[in-house]
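The structure appears below as structure tokens.
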């Protein structure tokens, strides 16, 4: 990606902020200023343990060769926990299951990371499908029947005009970054909803029949005559 594209991504994605905890202490530092490492959640640790049991069952000999003793196994689990910390336990398990289905060899952590699809687990369109939806949605954008609000907000943050008038190789990375930020926020428990525009009040009036029309016309004429 060229420098101009990187600058564009940085500029546009300032409209979105990744999910963050409630703590006011900067990430990576404790209140005393000491450097600390982020910790995996209980859910993530349980998922890692389940993954290794899944691998032990499906790749028994390969597993024992890769992790011959307890210390090696613990070190591997710690590494996996760090590299998979951006994903929920559910996403991690889905990725591991896909890796098992698709490979006859013991998967490594990078192969599992590559299969971590937050959108799939959350029931959202994958990033490219979402990009195509955002590019093709007619105006007014808010009134379009979006597959999910995240697609709309990613498109809005990426700039509708930019998406419509830029080649995919330039526009897609911008949209992808914004969409991934939103997926992370949803995975963290945030709810996204579109603001529904208030409908204009509809005034319905029953048409007058001919006799009533004549009477109304006569009243209007009388009023005009009296005003002369």
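For region 9-24, state whether one or more residues are at pLDDT below 90, surrounded by fewer than 10 Cβ atoms within 10 Å (Cβ to Cβ) and not in a loop (DSSP other than H, G, I, E, B). There is at least one residue in region 9-24 that is at pLDDT below 90, surrounded by fewer than 10 Cβ atoms within 10 Å (Cβ to Cβ) and not in a loop (DSSP other than H, G, I, E, B). The one condition from (1) buried (at least 19 other Cβ atoms within 10 Å of the Cβ); (2) outside the structural domain of residue 57 (by TED's automatic domain parsing); (3) modelled with pLDDT under 95 that residue 201 does not meet is (1).
Of all the numbered requirements in (1) buried (at least 17 other Cβ atoms within 10 Å of the Cβ); (2) touching a residue at least 40 places away in the same chain (Cβ under 8 Å), residue 97 misses one, and that requirement is (1).
The values are calculated or read from the model by the stated rules, or taken from the named source; none is laboratory data. Here the structure is a predicted model, which is why all the values come from computation and not from measurement. Methodologically, a virtual Cβ is constructed for each residue, glycine included, from the backbone with ideal geometry; neighbour enumeration extends over all protein chains shown.
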